[in-house]
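Input: a single structure, listed below in structure tokens.
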Amino acid sequence: MASNKKYWKSVEELDQNSSIVKTLQENEFVESIPTDEFLGDKETLEGSSTTRRDFLKYVGFTTAAASLAACEGPVIKSIPYVVAPDEIVPGVANYYATAIADGFDFANVLVKTREGRPIKIERNDLSASGGVNARVHASVLSLYDNNRLKAPMVGKETATWEAFDKAASEKMLAMKGKDVVLLTQTFASPSTSKLINEFTTAYPNVRHVSYDTVSSSGTLDAFQEKFGTRAMPDYDFGKAHVIVSVGADFLGDWQGGGYDAGYAQGRIPKNGKMSKHIQFEANMTLSGANADNRIPVIPSDQKKVLDALTGGSTSGLAPNVAKAVNMAKALMLQAGTKAVLVTGLQDQGSQRRVLDANAASVVMDTAKPRMTRSANNAEVTKVMNDVINGSVKGLITVGVDPVYSFPNTDFKAAYEKLEMSLAFAMKNDATASLAQLVAATPHYLESWGDVQMKKGSYSLIQPTIRPIYKTRQFQETLLAWTNNETSYLDYIKDTWSSVLGGTSWNKALEAGVFTSATAIDVAPVVSDAMLESNTSNGALSSAIDDMELVLYTKTAMGDGQQANNPWLQEMPDPITRTSWDNYVTVSAADAKDLGLENHHVANGGLNGSVVNVKMGAVTVANVPVLIQPGQAAGSVGLALGYGKKDAVQKEMQTGVNAYRLDSLSTDTLRVSLEKVAGAEHEFACVQLQNTMMGRDIIRETTLEVFNTTKKNHEGGYDWNPMPMVSKDHQEIPVTDPDADLWTSFDRSVGHHFNLSIDLNACTGCGACVIACHSENNVPVVGKSEIRRSRDMHWLRIDRYYSSEESFDADKDKKEGFNGLFGENGSLGGFGELEDPAANPQVAFQPVMCQHCNHAPCESVCPVAATSHGRQGQNQMAYNRCVGTRYCANNCPYKVRRFNWFLYNENDEFDYHMNNDMGRMVLNPDVNVRSRGVMEKCSMCIQKTQLSILEAKRDGRPVKDAEFQTACSAACDKGAMVFGDINDHDSEVFESKKDKRMYHLLEAVGTKPNVFYKTKVRNSTKA
Amino acid sequence: MQKVNFKNISSRVSLFLVTAMLTFSIPTFAQAEAAAVTEAAAPAEGAGDAVAGKALFNANCAACHKLDKKATGPLLRGVADKYDRDWLYLWIKDSQALVKSGDATAIALFEANNKSVMTSFPALTNGDIDNILAYTSEPLPPKPERKGGDGETVEGGVSNNVILGALAFIFLLLITMLFLVTGTLKKIAAHNGVEYPTKEAKKPLYKAILENQFLLLVGAVFLLLTAAYFMYGFFMQVGVDQGYAPVQPIHYSHRIHAGDNEIDCNYCHSSARKSKHSGIPSLNVCMNCHKNIAGVSDDVLAEGINEYGVDYNKEIEKLYDAVGWDVETQAYTGETKPVKWVRIHNLPDFAYFNHSQHVTVAGVACQTCHGPVEEMEIMEQFSPLTMGWCINCHRETNVDLKGNEYYEKIHEELSKKYGVEQLTAAHMGGLECGKCHY
């Protein structure tokens, strides 16, 4: 039945006389559409003869033409040299030995150059001292930093060197008789010291003060007091049986760093013995994470601990600390000369105590001390105050950025008012941007130089590339000012003539290092008159409820010189696993008291509260809070080197400037935290699961168990069990061929590569991460992508905390679960296991593609883009990959990385791959991956293939040491050993037979070609 | 009708004109050539045997001297008239002795030539020297190019084209005329009422096919398959630049260098032995020889011009310009202009290829992949450089293991495993993705 209902479209229709209804009957719209307005003015439209059809024709033809043109390859030009240098063969890498000495990092390195461009830093095996850390590896990218100074500046305008020299000499003349300070980094360079002496003799009104932004002033003072020279004792922790550290992060950057290689040697159990390491500290550091016993102690109590260790009493210490101190004391006594005590307490008194306590120790070397720090904080403080009060009229800075790094913010205004301000700088940093004269200095890879890192251990710095910009070395300028006609190179040769003895200059240059009995004093002389009696800036507060602050340097950022280096910004901190930030680390207990929290948000990111850090009148505002397991309650940590704004790209202006918090003081620092209500910080943290929850990911045992356990009936050890599977109700090991679905490929012929990772030797330093970055053209993705867990690191170093006292206790707890609910219920229990303990055990595990012989990724790839090579490498053909990501989903180790975007030549990712300078660092032998492609560790197949090719060319078998991956070559601790297990003389073959050997997630049956060695801690079972 | 006739007339006129032009132009050429031959055949004058002198000159002097051009030493044509004959004997036998003796002429000459010492020839007798001088005293032979001028040679080339064009034009005209004539004839026939025998209307073939469903289907399938075949062929050649022979900034003839002069490929492309790149030689490598070779011989020059349209001497001048070599002073000026060669073999970035692996280790001849380079006047891409092409070779090529200790053990074990005498590159793992893609 038809309905009689009438429907109205609008109320207007009710009105029969409405004009709108009438119009709508005739037209589509009530009002005429303003097409003319939309199309532009009528005259031009009419003047144009293009009709709609013509337009469509044009569109059609252009599309067709464009697609036809796409079929034609581009014309590529090749421009050879006019006169080719003898040493350059296109396609063949050259290596040069040189050294970095930027005032913070001192290390002997090899530089790999291709077609004349440095592309990678490697360790110099001829050098005994280590220190080639992540920052040193990354320093090659800083060479190609787009924000470097490209020419000298006069009066904030770019100038020529002639104009600069003229202006500078006029200025120096005008300053005659007035107090001028030459504030430099530590050079530790015999030639530079000599040159500076000549300079200050020629200009008596100039006095030289050296300034270490992260200083070891107390150590130097104590050493000078005891031994007469301004230097730091050297330690070889490999010789130690007992190491007791009171707040010294000697595996980090403590006293110049580079002690980790020696330490790692002593940590590998040999003949049932390894060193014992007890750490008293406030922040959770790399050293604490590696220690056998770690006792959280706030800095003021650390003094008491040190006192107790060196003969004082344990009164006033918490019972657990006192117990640990007594244990440490007993152990040290037992170890005798094989014991060593180190401290990170900055004051001269504490350092002196340590020097005295170690007097008999074989670990400490005072005969050949380190020269890599030289500053006296009291002297530097006086310079700072003298500039502020106007008694210093001129300041020449070299390689330091005091406007950024001096604690007193009044310094900036005073600096601008100086009669003379001259900055020798690589970048237009906070100081250089205010200076009247700026001398652009070259990167160390473009410079000549010499260093005496240890007394009698010399290194040469040689340029590996012509200066890219119009830069001139500081030393060349000094030579010009002292009217010395010789070049700096000749000047160095002259200095070295006394050092070299019978060795030729070229030999020394080739090796890069040279040991001589002749020592040259490089440390500047500090006169007592020039010391400030009170190094504090007066901001010290003594309120009881305040927190004690420990300023530290992050593995990635160091003192902040390379803040504009995207590799380092993106490198996750080994402890917090957080990148692109600095933050206040707070203990869980304090966080609870102050109402501070960390929580995960829906997109998987970590968010945290924000606080203002106050120290007297100084406030560092809006500092994010990261709750750090193991942080001593009552203390907070904050990393230096962040918060740089000048000459730093916007994306990399991260964090806050912690130098403002009285960084020159050698006393205990106190701050108060004030929560910023409503504010929340977004972290870029790559690891959100902090515990292993009693699982078998990192295997750990104690030395006692390791030494005493006998083989079980399966021929293994209970502490390193082989996972068993059930077949026909019989338990068989997972490696049994019967437990295998697949027929195995016979790999006994040719090379079969394996990588061994010794968890005892790995300190988590992260040098391998950056080495991998630079070898394999791994892209930088930026903070927001990292936050989305889209990090591209092919090699990551997982860090796990224990939830109970130790990992063993975690396992016991998990195994003790009974039913879902109740005290031992798994439902609540697993939740508890997710939370790290207040003072957890920590373990590191480098994880890269495990190159499984039965790789789960390979069987799910629909296009066979990933396949297995007979040499054991799981290969990835990028050009074949269509980006289904099945492989990543099927990988039990989560080591595959997907290119969500085009990371090169894309303005959205404005890092080094987006500019011509930054792209110079790319390794030409490795593909730069495009968007939509899966990538992962290739086991450096380009390196193994090259080694094989070289052997074939020479017609000889490959030598064991030739096979290296970027990570194994970067590891100076021997934690990573790479090689051919079909070569039965190889180190890796020996390593695979070790009883500590296990495969990651062995139960899955993937048969990886990467294996780990169980971590053994020198402690009794808790 | 009128229009048609008029068109015919105009075309006939133009045909006549063209034919006339051609008829007159041919004898002009013949005359010019005849003149050149006569002049070149004119007998040489002077004492001594010029023919023996030429042999001596080429053996002893030609390395540094040219007859008509300054090289390392000054040009020598007419040198006998410039200096006293006895002085010349002394100079040629031992120039330095003459300079040391304080002879003014000798010193002046020595200084004028950048004090470069001339080799002494004590073995030459005065008679030999007379012969050489007789050769150098021969008058300058008139060169055909010089006389006729470059313009005419080029014009000759053009006139060939004109002839061809004219012929084509004539044929076209003839065809048009034929059509016009038949058209006119038909019209005349129609006008005169001539009847054509009409054919019986048959069913057209296409209709017959259209009605046959089976044929239609087969035909359609066939057509589609053919189309697919050609489409596939077209798409598979996209990006394959086999035969790519771009014009280079300097015309470099591999035919002359590698073919006629038999210079080893590795002399210039030396890095092929030790690097992944074969390397484009830097210009200083060219100058190793071209310091002394400023020009090519006359017949090579003529060959270049006639067959390839290239003046080789001008190309050598381009090299001098790029490397900054001043022929007059025989010295480098320091002003260089690097040459932007057009790259011919372009492997994509994702494919890793190493020359030294193939050249040094495998001992593959350059020609295997690059083709008969020694015959190529203009270098071109000989091989397709596709993955299939690489893989095929790896499957078929036996690995040369002799005298290479690296292979000894691997070969023994692998050949046992695969049960073969000779291993191919594929047996060694040469087909694995990761060997070339990383």
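Rounded to the nearest 0.05, what FRET efficiency do A:D812 and A:D356 have when you use their Cβ-Cβ distance and R0 = 51 Å? According to the calculation, E is roughly 0.75. If the chain linking A:K675 and A:E510 were pulled fully straight, counting 0.36 nm for each residue of separation and taking away their Cα-Cα distance, it would gain 53.8 nm. Length gained on full extension, A:K993 to A:D736, computed as 0.36 nm times the residue gap minus the Cα-Cα distance: 90.8 nm.
If you keep only loop residues by DSSP, which GluC sites (Glu not before Pro) in the stretch A:79-179 have at most 12 other Cβ atoms within 10 Å of their Cβ?
Working: sites: A:E87, A:E115, A:E122, A:E157, A:E162, A:E170; in loops: A:E87, A:E115.
In loop regions of the stretch A:79-179 (DSSP not H, G, I, E or B), the sparsely surrounded GluC sites (Glu not before Pro) are A:E87.
Spacing of the modelled spin labels on B:E421 and B:V181, each 7 Å from Cα toward Cβ, amounts to 7.3 nm. Computed from backbone phi, the HN-Hα couplings of the stretch A:396-407 come to 10, 10, 10, x, 10, 10, x, 4, 7, 9, 6, x Hz, rounded to whole numbers (Karplus: 6.51 cos²θ - 1.76 cosθ + 1.60, θ = phi - 60°; Gly and Pro given as x). Spatial offset of the stretch A:183-254 relative to the stretch A:601-668 amounts to 27 Å, using the alpha carbon center of each. Placing a label point 7 Å from the Cα of A:F830 along the Cα-to-Cβ line, no residue of the stretch A:573-614 has its backbone N under 18 Å from it. For the stretch B:336-373, backbone nitrogen atoms closer than 15 Å to the point 7 Å from B:D321 Cα along Cα-to-C-beta are found at B:336-341. Please report how far the C-alpha centroid of the stretch A:801-828 lies from that of the stretch B:265-334, rounded to the nearest whole angstrom. Between the Cα centre of the stretch A:801-828 and that of the stretch B:265-334, the gap is 80 Å.
Between the amide H of A:I119 and those of A:K112, A:T113, A:R114, distances stay under 5 Å, these residues lying 5 or more places away or on another chain, with hydrogens modeled in the peptide plane.
Pulled fully out, how much extra length does the chain show between A:A318 and A:K270, if you take 0.36 nm times their separation in residues and subtract their Cα-Cα distance? All intermediate terms of the calculation are to be shown ahead of the outcome.
Values: separation 48, 0.36 × 48 = 17.28 nm, distance 3.51 nm.
Between A:A318 and A:K270, full extension yields an extra 13.8 nm.
With K and R counted +1 and D and E -1, the other residues having a Cβ less than 15 Å from that of A:N818 yield a net charge of -2.
Would you list, by chain and number, the lysines whose Cα falls below 24 Å from the Cα of A:K77, excluding same-chain residues fewer than 8 positions away? Those lysines meeting the cut-off are B:K274, B:K276, B:K314, B:K318, B:K337, B:K340.
Work out which GluC sites (Glu not before Pro) in chain B are exposed loop sites (DSSP not H, G, I, E or B, at most 14 other Cβ within 10 Å) and give the longest gap free of them. The longest such stretch corresponds to B:46-194.
How about the stretch A:616-712: which trypsin sites (Lys or Arg not before Pro) there lie in a loop by DSSP and see at most 15 other Cβ atoms within 10 Å?
Working: sites: A:K644, A:K645, A:K650, A:R660, A:R670, A:K675, A:R695, A:R699, A:K710, A:K711; in loops: A:K644, A:K645, A:R695, A:R699, A:K710, A:K711.
Passing sites in the stretch A:616-712 are A:K645, A:R695, A:K710, A:K711.
Note on B:N192 and B:L172: with the Förster distance fixed at 25 Å, the Cβ-Cβ geometry gives a FRET efficiency of about 0.25.
In the neighborhood of A:N358, defined by Cβ-to-Cβ distances under 14 Å, what is the net charge if each Lys or Arg adds +1 and each Asp or Glu adds -1? The answer is +1. Restricting the trypsin sites (Lys or Arg not before Pro) of the stretch B:358-438 to loop positions (DSSP other than H, G, I, E, B) with no more than 13 neighbouring Cβ atoms within 10 Å leaves B:K402. Taken one residue at a time, the phi angles of the stretch A:426-434 give Karplus couplings (6.51, -1.76, 1.60, θ = phi - 60°) of 8, 10, 7, 7, 4, 6, 4, 5, 9 Hz. Gly and Pro are set to x.
Between B:Y308, B:A50, B:L385, the Cα set farthest toward the positive side of the dipole of chain B (charges on each charged residue's Cβ, about the Cα centre) is that of B:L385. How would the stretch A:126-221 be classified by its alpha-carbon gyration tensor: rounded, prolate or oblate, with rounded meaning a/c under 1.5 and the a/b versus b/c comparison settling the rest? It comes out oblate by the Cα gyration axes.
Give me the net charge for the shell around A:T471: Cβ to Cβ below 12 angstrom, other residues only, Lys and Arg +1, Asp and Glu -1. Write down the numbers at each step before the final one.
Values: positive: A:R148, A:K150, A:K427, A:R466, A:K470, A:R472; negative: A:E446, A:E476.
Combined, the nearby Lys, Arg, Asp and Glu give +4.
The equivalent ellipsoid of chain A has semi-axes of 48, 42, 34 Å, largest first, where each one is the square root of 5 times an eigenvalue of the Cα gyration tensor. Each semi-axis of the equivalent ellipsoid for the stretch A:866-915 is √(5λ) with λ an eigenvalue of the Cα gyration tensor; in descending order they amount to 26, 13, 10 Å. Amide hydrogen proximity for A:L669: with H placed 1.01 Å from N in the peptide plane, the residues at 5 or more positions away or on another chain lying under 5 Å are A:L549.
For the stretch A:356-481, the number of Lys pairs with C-alpha atoms closer than 18 Å, counting only pairs eight or more positions apart or on separate chains, is 9.
What number does the stretch A:844-974 give for Rg over Rh if you use C-alpha atoms and the Kirkwood radius? Mind dumping the intermediate values first?
Values: Rg = 16.5 Å, Rh = 16.6 Å.
With Rh from the inverse mean 1/r over Cα pairs, Rg/Rh is 0.99.
Dimensions of the stretch B:190-260 along the principal axes, based on C-alpha atoms and rounded to the nearest Å, stand at 73, 46, 22, largest first. For A:T184, the residues 5 or more places off, or on other chains, whose built amide H falls under 5 Å of its own are A:V209, A:S210, A:Y211, A:V398.
Read-outs: derived from the displayed coordinates by stated rules, not from any lab. In this text, all values refer to a predicted model and were calculated from it rather than measured experimentally. No Cβ is skipped: glycine too gets one built from the backbone with ideal geometry, and neighbour counts run over all protein chains shown.
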